[in-house]
1. Starting from the Cα of K186, draw a straight line to each of the lysines and keep only those under 19 Å, dropping any in the same chain fewer than 8 residues away.
2. With a 1.4 Å probe and all protein chains in place, put W257, W69 in order of accessible area, largest first.
3. Only bridges with both residues in the chain count here: give the DSSP antiparallel percent, nearest 5.
4. Ignoring GluC sites (Glu not before Pro) that are buried or in helix or strand per DSSP, and keeping those with at most 10 other beta carbon atoms within 10 Å, what is the longest stretch of the chain between them?
5. Enter the accessible area of K56 (Å², nearest 10), with the probe set to 1.4 Å and all protein chains included.
6. With a cut-off of at most 14 other beta carbons within 10 Å, and DSSP calling the residue loop, which trypsin sites (Lys or Arg not before Pro) in region 182-213 qualify? Please list them.
7. Give me the Kirkwood hydrodynamic radius of the chain, using the inverse of the mean 1/r over all pairs of distinct Cα atoms, in Å to one decimal.
8. Which value, in debye to the nearest 20, gives the size of the charge dipole of the chain about its Cα centre, when Lys and Arg are +1 and Asp and Glu are -1 at the Cβ?
Amino acid sequence: MENKNYTSSEKQSPVAMFNTLCYLLLLLLLLHFSLSQGLTFPQDISALKAFKASIKPTSIPSWSCLASWDFAAADPCALPRRTHFTCGIICSIDSTRVTQITLDPAGYSGQLTPLLSQLTQLTILDLSDNSFFGSIPSSISSLRSLQTLILKSNSFSGSIPDSVTTLKSLESLDISHNSLSGPLPKTLNLLSGLRRLDLSYNQLTGFLPKLPYNLLELALKGNSLSGYISNSSFDGLTQLEVVELSENSFTGTLGAWFFLLPALQQADLANNSLKRVEISKPSGGNSDLVAIDLGFNHIEGNAPTDFVNYPQLSSLTLRYNRLRGAIPLEYSKKKSLRRLFLDGNFLIGRPPSEFFGGDTWVSGSLGNNCLVGCPGSSQLCSPSQKPYEVCKQAYGRKPMA
């Protein structure tokens, strides 16, 4: 075996090796010490202090996250968090910046301090299911890194600040179940990264503006939005899967373009004042549309037949409108259709017998119409049909059997 000869410069004495190891150990200890002590930026600490100070002390239970925020006892980002800052915040890896505030639903009550804008590395702000009130500060636009903003189920009031639309990193916005009023921001479409928007159950008014083109889910139900549902509002929304616009005051005609949105799977437009619905066959017979709810509107005319051309449609609700004529036979032949609600209209004639066979696959209701021969033993025929005189008055003559 060949022996290698090392020069004195290549050799390291035991003393030198020991000194090197001690140096490395000291570095590790210093790193551990700095991480455990925390080096939270002063501006982040002052923002957290202002945030806690803006919350009524009587609304902070002793067991809650905020009760553990003791700035005199510990640095907010110090590790480990055994007794102080045990929950509610998450910091960056180097323990210098606050990146998340996710409060527990403890019933905290107070107003949002504008000083939250100092948390410029914040990616998540979740204050849901508490009792925050007052307006949303416009200074929230300073949170340039914010990806998720969840303020649902509180008591926020006033309008949605236009400055929110400058949050280019925002992917999810949920301010549902509050008391917000006024119109939607006209520049809502500037939220180019937004994937999920939920502003349901507020007191919002006005028309639908142009929507962010990357949306996957849109929920605006339970407001007082009005006007037409325009193609221009949904222009370019090629990824939109879920639309919830129920319990508003939309009117006019819902165009065929709506059902042809390329990624649409579920649409709920119940409890509005829509007068007419246009349907056309999907291009190439391809569509992901699974469920449609157009109940409790003012839709007139015959029950739309072209819905059967949507291959995956399994739930169709047209209840309590002003539909006339016979139930399309095509409905009874569509095997993918599992739920069908046509009750509360003025449909006439005999319902398709396929609905009442031994291998019936559809549930729902055909009741409260002007049908004849709807078997009382079938759940589909509940509730009972309208009185004859009501049907006669609606048609101005004897309804056709």
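The values are calculated or read from the model by the stated rules, or taken from the named source; none is laboratory data. Everything numeric here is computed off the predicted structure, so don't read it as measured data. Quick reminder, even Gly has a Cβ in these numbers, built from the backbone with ideal geometry, and neighbours come from all protein chains shown. Just the protein is used for accessible areas: all its heavy atoms, side chains included, with ligands, DNA and RNA removed. Shrake-Rupley method; radii C 1.70, N 1.55, O 1.52, S 1.80 Å.
1. Counting by Cα, and skipping residues close in sequence, K186 has these lysines nearby: K168, K210, K221.
2. W257, W69
3. 5 percent
4. Between exposed loop sites, the widest span is 11-401.
5. Accessible area, nearest 10 Å²: 100 Å².
6. Sites meeting the loop and neighbour criteria: K186.
7. About 25.5 Å for the chain.
8. 880 debye
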